[in-house]
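The values are calculated or read from the model by the stated rules, or taken from the named source; none is laboratory data. This one's a predicted model, so the numbers in the text were calculated from it and none came from an experiment. Don't worry about glycine lacking a Cβ; one is built from the backbone with ideal geometry, like all the others, and counts go over all protein chains shown.
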Amino acid sequence: MSYHPNEVSRRATVARVLLGVGFIALTSAFFRAQVMRNKEYLAQAEQNRFREVPLAAPRGIILDRNGRIIAENLPGYAVSLLSPSADSLRTAMRRLSNIIPITDDQVEAAVRRWRKNPTRPAVILPDAPFDVVAVLEERRVENPSLIIQSTPKRYYPDGPAVASFVGYTGEITERELADTNYSDYKPGQQIGKGGLERSYEAQLRGKEGVRYVEVDARGRVVRDAGARAEEEPQAASRLTTNIDMDLQLFVMSLLGDSLRAGVVAIEPTSGAVLALHSAPTFDPNRFVGGIPADYWKELNTDPRRPLYNKVIQGRYPPASTWKLATSAMAMEAGLVQLDDHMPQPCTGGYRYGRYFRCWNHKGHGDISLRQAIEQSCDVFFYQVGLKLGLSRMVAGGLKLKMRERSGVDLPNETQPQFPPDAQNYFNERYGTRGWVPGSVALNLSIGQGENAQTLINMARFYTALATDGKAAKPEIVTRNPERVQIMNLTEPQMLGLRLAMAGVVSSRGTANSARIEGITVAGKTGTAQNPPNPDHAWFMGFAPAEQPKIVVGVFVEFGEHGYVAARIATKVMEHYLKAVTKPLVTTE
Amino acid sequence: MTKRIPDVPLVLIALALSVFGISMVYSAGQTDTMTFVAGLWKTQSVWFVIAVCAAFAASTASVRFLDWFTPYAYVITILMLLLTLAIGSGAGTAASSKSWLVIGGVRIGQPAELAKITVTFMLARVLANRREPPESLLELWHPALVVGVPWVLIMLQPDLGTGIVFIGIFFAMLFWSGVNWRLLLLIASPAISLVLAFSTRLWGAWFLLLLGLVWLYRPYLLEGIALVCINVVTGVVAPILWEKLAPYQQKRLLVFLDPSIDAKASGYHVIQSQVAIGSGGWFGKGFTLGTQKRLNFVPEQETDFIFAVVGEELGFIGVTLALTLFLALFMRAIRISSRANDPFASLIAFGLLASWLVHVIENVGMTLNLMPITGIPLPFFSYGGSFMLASWLSVGVLMRISREGRGRGDLAAI
């Protein structure tokens, strides 16, 4: 090599300069990463080591009007696993299955939850029994990624009695997660399903808290509490309803398990729903946190259809309970008044094209509207229907909101069936020559034909009859009453109608067997033809007739005759009115 | 003439680096879930003591003795590399390679570490024996053979990291022996072609520059033609062949070149290393307190990625301190090299410096994703006995060269 000192020192200088440049380049790279991009990397490091563990907020308690508990929370336990991959979650669960029962379905459900949100602990047992929790707590050290949390569990003390309106809670489904209404929900959270739990989800939900645990690179929990300040869950405020649990329980005991029936009781001046029950019923407590497959199958294959709500979902021809609607329309139109008679007395039937029967083959003779209501004379109402004409009947029904949902604050209310107009609807259905307006009017006048109502919507109509013609929207949860004038009758006319209805529940009327000692009940029976099966029984009414405090609607599937429903209804009224008046007596 | 007193600054710098390094090995063991790593700092300390003793022992060997001993050492090294290929085994990240010499189930050491030193010596000997530096490619056959044989044996293990170190040593020592920079560029040209091959335009520009260089430097005609042809092959043909390979074949080739890379895992590791360093900020999270390290997000934190621990726990200040210590070590080595009293010693000093330098740049660069992951350790820092020993043996040799070199005793200078 050339080893002249000058050359060597020249090369040394070159080497020193290159080293210096390399040093500066390397330190600048570190300066960029550590000083300039520090925040970004720091955030990433924090994200690496902290995992959010949600702390479920207790759902709001639901109370009846007297403060009695309808829905509350019991301490429960949820078990979750923190896991870096779906495979390790499966492995961990398989390992756990040696000490606690875990099915393959539970494993797959947990993997689905994990996929939805991998950084959140995947819930493996949403509602773990205490003995399972005890076993897991013992083995906690071997499974550091296991997170056992006390999670409030929904409980309905009067379970089957409140099933018809309270709904239940369960884990949010994937379909619900996709719904924009639930955009701020996360997989694994509990959500109201059906009934009040769903209608008032926003109020009942509360605010989920969060706890942070520190994990290592393998997703094992290294530090549990105090890793980072936690946010406490905020419980939701309580929800007070109009339901009178005493009455509700009485209703359930009346219906028992053998009847297929719906009962609704409403305060006519406010629309407050006092009781709402559909029989046979089920136990919503068994629905909480996932419906057991066998119970679900049992309910769905039961021919009595316990899951089908006979108050807000069932839709039936209103039958003779509709005659009050016909009467109100005719009186409002000034065509017939309570003491007026029809041209043809009832001889057990009426000829219009074909022969239209009255339910009483012997006939009712020459009677007034008042008597026709008392005895539910079909022939009388056929003639009222003809006087009104189809157009006025359809328009009248629409004015009485017979094509609208009652608006009760429950999900899944069925819309009633009623013609939207008197011409096109029938033309489309039967063809322009396929129907005769008169025949249709005849059928409609006695609550048959193209008319199917829900019990709750009929009850709303009867709140108008019980008051000054204003229908109150049924409300389960206390709010400002919403009342709409649907009838424009004078005060004496309204009173007259009520007295005529009181006649129904008297020795003269169709519901004389349902009379109650000391209370004047007003109402109307109905028997909906249901060939080839037994007829359905209706009763719509209120009490006391002079100043109604409660409207009760009862519908009994295959109940054969209206008085069956009437007997139930008057007992409900009696129970409510006596319970309400009793405290007044003691204070006196 | 020999001075009695050793090169104090050199020893102090090396001591400082070693103490710094062992502290980091200690910190690397301080994880939330303690593993065997927690106790490694003790082993490393023992190795450190042995290594310092070995360095002082080595410094008693005169340069003339080294000169005499070099050919034997070189031959022994080649034999050991062959033996390793036959009966070697892998370890750690490179479990599938054969880099460890194992006899009777006991891991004796990595002959490649020894080879770094003996090849430096042998190359120094070959280059120092020439009156003039090599001026043509043909004249380079001897130095190229000295490095090439062990290089091929190491690449067969395979150990890309050490292979890169050899290339670094080769170029650095050619430079120090006075080889013209244009010739160095010509030698490096095929590799540069390969790197630039991803862009036709860049490669084209480089090829024109190369033609200019060939014309300027005027190598022998055959050499010139061969050089241009090799460049065409590496720049044009190689990428085409590469494209024709199925992705799994490409991956196999890459993994063959360096078994420690597993594309998915190593990408994750580098990201975690960057996060660790970046989250350190100016002053770091505090000694032993790095969260990325404590929770095992940093991979190989006691060996290959130990510098990520420095960055996370001691911040930019700590990184700068470590790099400054290395810079001081290199500057000292240049000084020793330029004051050595004969070419052989001077070349040895520069070769040892080059070996360290490649290690530092590659290892530190890797932690920030500036360099590919090759599994090269960081001198004086990474846990590992034979590497600590090899680094200190280099220090010992430098001490001797410094003592025999020109200039006053350093203690006197202070």
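Observations, loosely collected:
- Filter result (under 28 Å from the mean Cα position of the chain (by Cα), β-branched (Val, Ile, Thr) and at pLDDT 75 or above) within segment B:235-286: B:270, B:271, B:275, B:277
- Within segment B:266-278, the set of residues being β-branched (Val, Ile, Thr) and at the interface with chain A (Cβ under 7 Å from one of its Cβ atoms) comprises B:275, B:277.
- Within segment A:194-224, the set of residues being under 19 Å from residue A:478 (Cα atoms) and not polar (S, T, N, Q) comprises A:194, A:195, A:196, A:197, A:198, A:200, A:201, A:202, A:204, A:205.
- Test: residue in segment A:379-401 that is part of a helix (DSSP H, G or I), on the phi > 0 side of the Ramachandran plot and in contact with a helix residue (DSSP H, G or I) (Cβ under 8 Å, 6 or more places away or on another chain): yes
- Subset of segment B:293-308 [within 12 Å of chain A (Cβ to nearest Cβ), within 26 Å of the chain's Cα centre (by Cα) and in a helix (DSSP H, G or I)]: B:293, B:307, B:308
- Restricting attention to segment A:447-484, the residues that are outside any loop (DSSP other than H, G, I, E, B), of a type outside the set (Phe, Trp, Tyr), closer than 14 Å to residue A:325 by Cα and in contact with a strand residue (DSSP E or B) (Cβ under 8 Å, 6 or more places away or on another chain) total 11.
- Within segment A:77-122, being under 20 Å from residue A:185 (Cβ atoms) and assigned to a loop (DSSP other than H, G, I, E, B) holds for A:117, A:118, A:119, A:120, A:121.
- Residue in segment A:74-84 that is surrounded by fewer than 19 Cβ atoms within 10 Å (Cβ to Cβ) and either within 14 Å of chain B (Cβ to nearest Cβ) or free of Cβ contacts under 8 Å to residues at least 12 places away in the same chain (or both) present: yes
- Hits in segment B:344-387 - residues which are at the interface with another protein chain (Cβ under 9 Å from one of its Cβ atoms) and among the hydroxyl-bearing types (Ser, Thr, Tyr): B:346
- Taken over segment A:18-67, the residue count meeting the criterion of being over 36 Å from the mean Cα position of the chain (by Cα), among the small types (Gly, Ala, Ser) and closer than 30 Å to residue A:228 by Cβ is 3.
- Single match in B:281, B:290, B:311 (criterion: surrounded by fewer than 24 Cβ atoms within 10 Å (Cβ to Cβ) and facing chain A (nearest Cβ under 10 Å)): B:281
- Counting only strands (runs of 3 or more DSSP E) that sit completely within segment A:502-582, those holding 3 or more residues that are among the aliphatic types (A, V, I, L, M) correspond to A:536-543, A:550-556.
- Considered as a group, the residues in segment A:117-173 that are basic (Lys, Arg) and touching a residue at least 12 places away in the same chain (Cβ under 8 Å) include one that is surrounded by the most Cβ atoms within 10 Å (Cβ to Cβ), and that residue is A:154.
- Residue that is in a helix (DSSP H, G or I) and closer than 30 Å to residue B:298 by Cβ, where the choices are B:37, B:75: B:37
Here's the yes/no breakdown for (1) surrounded by 20 or more Cβ atoms within 10 Å (Cβ to Cβ); (2) among the small types (Gly, Ala, Ser); (3) closer than 30 Å to residue A:35 by Cα:
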{"position": "B:321", "(1), (2), (3)": "no, no, yes"}
{"position": "B:325", "(1), (2), (3)": "no, no, yes"}
{"position": "B:333", "(1), (2), (3)": "yes, yes, no"}
{"position": "B:336", "(1), (2), (3)": "yes, no, no"}
{"position": "B:339", "(1), (2), (3)": "yes, no, no"}
{"position": "B:345", "(1), (2), (3)": "yes, yes, no"}
{"position": "B:360", "(1), (2), (3)": "yes, no, yes"}
{"position": "B:363", "(1), (2), (3)": "yes, no, yes"}
{"position": "B:372", "(1), (2), (3)": "no, no, yes"}
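- Residues within segment A:46-62 that are surrounded by fewer than 18 Cβ atoms within 10 Å (Cβ to Cβ) and at the interface with chain B (Cβ under 7 Å from one of its Cβ atoms), tallied: 0
- Put simply, of A:537, A:466 the only residue that is of a type in the set (Gly, Ala, Ser), modelled with pLDDT of 90 or more, over 21 Å from residue A:330 (Cβ atoms) and buried (at least 16 other Cβ atoms within 10 Å of the Cβ) is A:537.
- The single residue among B:181, B:215 that is closer than 18 Å to residue B:143 by Cβ and surrounded by fewer than 16 Cβ atoms within 10 Å (Cβ to Cβ) turns out to be B:181.
- Of all residues in segment A:31-56, those that are among the hydroxyl-bearing types (Ser, Thr, Tyr) have Cβ atoms under 6 Å from Cβ atoms of residues that are crowded, with 16+ Cβ neighbours inside 10 Å, 6 or more apart or on another chain, in A:41/B:275; A:41/B:278; A:41/B:279.
- Residue count for segment A:276-317 under the criterion of being over 14 Å from residue A:160 (Cβ atoms), among the small types (Gly, Ala, Ser) and either at pLDDT 90 or above or touching a helix residue (DSSP H, G or I) at 6+ places or on another chain (Cβ under 8 Å) (or both): the result is 1.
- Among residues of segment A:1-45, those that are within 15 Å of residue B:285 (Cβ to Cβ) and more than 8 Å from chain B (Cβ to nearest Cβ), counted: 2
- Scan of segment A:338-369 for residues that are closer than 15 Å to residue A:446 by Cα and not in a strand (DSSP E or B), ordered by number: A:348, A:358, A:359, A:360, A:369
Each row is one residue, and each column tells you yes or no for (1) of a type in the set (D, E, K, R); (2) surrounded by 15 or more Cβ atoms within 10 Å (Cβ to Cβ); (3) within 24 Å of residue A:495 (Cα to Cα); (4) in contact with a Ser or Thr (Cβ under 7 Å, 6 or more places away or on another chain).
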| site | (1), (2), (3), (4) |
| --- | --- |
| A:331 | no, yes, yes, no |
| A:352 | no, yes, no, yes |
| A:355 | no, no, no, no |
| A:368 | no, yes, yes, no |
| A:373 | no, yes, yes, yes |
| A:377 | no, yes, yes, no |
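- All conditions in (1) more than 14 Å from every other protein chain (Cβ to nearest Cβ); (2) of a type in the set (Asp, Glu); (3) surrounded by fewer than 16 Cβ atoms within 10 Å (Cβ to Cβ); (4) free of Cβ contacts under 8 Å to residues at least 12 places away in the same chain hold for residue A:231, with the sole exception of (4).
- Entirely in segment A:208-300, the strands (runs of 3 or more DSSP E) that have 1 or more residues that are touching a Lys or Arg at 6+ places or on another chain (Cβ under 6 Å): A:209-215, A:261-266, A:273-279
- Scanning segment A:147-181 for residues that are over 23 Å from residue A:282 (Cβ atoms), touching a strand residue (DSSP E or B) at 6+ places or on another chain (Cβ under 6 Å) and of a type in the set (A, V, I, L, M, F, W, C) yields A:147, A:148.
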